[in-house]
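The values are calculated or read from the model by the stated rules, or taken from the named source; none is laboratory data. Remember, predicted model here, so these are calculated numbers, not experimental data. Reconstructed Cβ throughout: ideal geometry from the backbone, glycine too, with neighbour counts over all protein chains shown. SASA here: full protein model, heavy atoms, side chains in, ligands and nucleic acids out. Shrake-Rupley method; radii C 1.70, N 1.55, O 1.52, S 1.80 Å.
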Amino acid sequence: MQATKLSNISIEEYIAIERENDTRYEYHNGEIFVMAGGTISHTDISGNVFHETTTKLRAKNSPYRPFNNDLKIQIQGERRFVYPDMSVICGEPETSEYYKDALINPIVIVEVLSDSTANYDRGEKFFLYRKIETLQEYILIEQDAPVIEVYTHNKGNLWRINRVSGVENSLTLQSFEIEIPLKDIYRSVDFSVSQ
């Protein structure tokens, strides 16, 4: 996680700081971290996966609702608020007792990996996300190559991993039965450009 850190902050202070500064911060048990900006590829990929998911769900007149990286999630039972690159809920939003604009019921979470966040997204952040009772799929998208890891929640609190690679293949989101070609997720991304 790339961040500037402040410590010993209450949740109420955290919410006030975000509102006053119009800046995104993650909150972890009294510490807040300023979220760093992303690369052009990161922005393209995040926008593409959000657009493709939204378009396909609307075409199906689906009850699922995607949100981009401006919406925070509170980890249930934790004093932690995070910003995934995309999240999807089914039905009505359920929100944090502390903050009405923080979700607690995502069924799918998407993160676009970067050199500075990949270990955090695969490790500690995934550990936190697994505490979300509603979460069914966790998607990690590489920036530097057309590679996506899909973690699917199975019975008994087990997670199955599937890896999809190559722009000729598609990402299948089992939670709402849609497929997105990787060529559409990686539209406009130039893999020859150093990140």
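Its convex hull of Cα atoms gives segment 64-195 a direction-averaged projected area, equal to a quarter of the hull surface, of 8.4 nm². Seen from Ser188, the other residues with C-beta closer than 15 Å to its C-beta sum to a net charge of -3, counting Lys and Arg as +1 and Asp and Glu as -1. Largest mean-square fluctuation among Gly77, Gly91, Gly30, in a Gaussian network model of the chain whose springs join Cα atoms under 10 Å apart, belongs to Gly77. Rounded to the nearest 20, the Cβ-based charge dipole of segment 73-195 about its Cα centre (Lys and Arg +1, Asp and Glu -1) stands at 380 debye.
When Lys125, Lys60, Lys155 are compared by accessible area of protein heavy atoms, the largest-first order is Lys155, Lys60, Lys125, using a 1.4 Å probe.
Between the Cα long axis of helix 11-21 and the first principal axis of the chain there is an angle of about 70°, rounded to the nearest 10.
Calculate how steeply helix 40-59 sits against the longest principal axis of the alpha-carbon atoms of the chain, using the helix alpha-carbon long axis, and give the answer as 0 to 90 degrees to the nearest 10. It is inclined by approximately 80 degrees. Compactness of segment 53-128 is given as radius of gyration and Dmax, 13.1, 37 Å, from Cα positions. Of the residues Arg79, Arg160, Arg65, the one that moves most in a GNM of the chain with alpha-carbon contacts below 10 Å is Arg160.
Secondary structure note: in segment 106-195, about 75% of the DSSP beta bridges are antiparallel. Sparsely packed loop sites in segment 50-119 (the GluC sites (Glu not before Pro) outside DSSP H, G, I, E and B with at most 16 other Cβ atoms within 10 Å) comprise Glu78, Glu94, Glu97. Sorting Arg130, Arg163, Arg80 by solvent-accessible area of protein heavy atoms yields Arg163, Arg130, Arg80, largest first, with a 1.4 Å probe. With contacts taken as Cα pairs under 8 Å at a separation of at least 6 residues, segment 37-195 carries a relative contact order of 21 percent.
Per residue, the average separation of C-alpha pairs within less than 8 Å and at least 6 apart gives segment 1-51 a relative contact order of 40 percent.
For segment 104-122 versus segment 151-170, the inter-centroid distance based on Cα atoms is 14 Å.
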